[in-house]
Amino acid sequence: MKMVKKILLGTLAVAAILSIASCKREEGGNSSIITVNAGSSSASIDKTNDDANAVTRGFKTLQTKHTDAICKLSAKVTGDTCDGVMGYIFDYLKNEDETLNFTIAGLRLIKKSSNWQAEAYVETYRNVDGSTLETGAGFKKTDGTSALVSGNGWESSYTADGFGKQIIPCTGITQSEFNNLIETAKANDTPVDIWVELVANLGADTNGRSGTAGTYTVNFYSLDPHRAKDGNALKYGENGDKTADNVGCRIATVNISAANVNTAFTAAALPQTEQGFYATVYGGQTLKGEWKFDAIKQEAEEIEE
């Protein structure tokens, strides 16, 4: 697969809560680490975690509910090993007992045995105790057990340290070339880019949404696939209309079954749930980056992109 000199880092950007009636943006974890302008579909982070022994996490939402979107993740590499994770939170639901359901598509750049890798994950969580959002070893339920829902993504392909699937280097770029790409971006203080796409599937006859109705698909791209919307249909430029992983710029795909969707939907009624920005800053590290949502599908008033 041919890669350009930019491969986006990111940890997939991420959804949270928002009350449309009051235009209030609800937040989770250490939300102050993420900056979002009112009415905007972009956000940024420049956070140093001074506690070397603990992670810090946070998320913020867009201002209105949406169906799906594509998010460009742009991260600057500041450390020598791994700064943290940027992500895309979606399918967010607040339960009556104040616990939370959501799915995260995340990405990190990490150096292992002198080689840089890009690792991604897509995971659904249910009944998350809000007190576990900011720090600690993963999201927990109120009884202290893991809130992770199995059967979603890449559990069988997780790396030795329990993270997600290694997606870069992949076909078309050597390990040496990828190392040089990251080190050059770091030396020049320029971002590494990756695009994370969420698709709400409506069935076989819907252009760009041909997966099983009521399911989600998450795609990771190394180049801008030029996604555009035309009603419920999705259209792509030459980078995005590929039919197999590791061809063109689509480097990974994860399908989320209807059983793992938090807010059910049908082909007749597209979902509208909170989407937004998620970040984890590792202990003693600095995470710098930006999120930019585009081709947002929603049935209410469109926000400025």
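Readers should treat all values here as calculations from the given coordinates under stated rules, not as data from a laboratory. Just so we're clear, the structure is a prediction, and the values are computed from it rather than from any experiment. Neighbour counts are summed over all protein chains in view; Cβ atoms, including those assigned to glycine, are modelled from backbone coordinates with ideal geometry.
Label positions at ASN188 and ASP80, each projected 7 Å from the Cα along the C-beta direction, are separated by 2.4 nm.
Stretching ASN180 away from ASP143 to a fully extended chain increases their span by 8.7 nm, per 0.36 nm per residue minus the current alpha-carbon distance. According to the Kirkwood relation over distinct C-alpha pairs, the hydrodynamic radius of segment 28-168 is 16.4 Å.
3J(HN,Hα) along segment 114-121, derived from phi through the Karplus expression 6.51 cos²θ - 1.76 cosθ + 1.60 where θ = phi - 60°, amounts to 6, 10, 7, 9, 10, 10, 10, 8 Hz, with x in place of Gly and Pro.
A crude spin-label estimate for the pair ALA233 and CYS170, with each label 7 Å from Cα along the Cβ direction, gives 2.6 nm.
Database remark: amide H of ILE168 closer than 5 angstrom to the amide H of ALA118 (H placed geometrically; neighbours at sequence offset of 5 or more, or on other chains; Pro and chain starts carry no H). Across segment 193-238, Cα pairs under 8 Å and at least six residues apart give a relative contact order of 36 percent. Starting from the Cα gyration tensor of segment 76-136, take the square roots of the eigenvalues, sort them a ≥ b ≥ c, and report rounded, prolate or oblate (rounded when a/c is under 1.5, otherwise prolate if a/b is larger than b/c, else oblate). It is prolate, given that a/c is not under 1.5 and a/b is the larger ratio.
Taking other C-beta atoms within 10 angstrom as a stand-in for reagent exposure, CYS249, CYS71 fall in the order CYS249, CYS71, fewest first. Measuring nothing but alpha carbons in segment 96-203 and taking Rh as the Kirkwood radius, the Rg to Rh ratio lands at 1.04. Restricted to Cα atoms, segment 168-228 shows a radius of gyration and a Dmax of 16.2, 48 angstrom.
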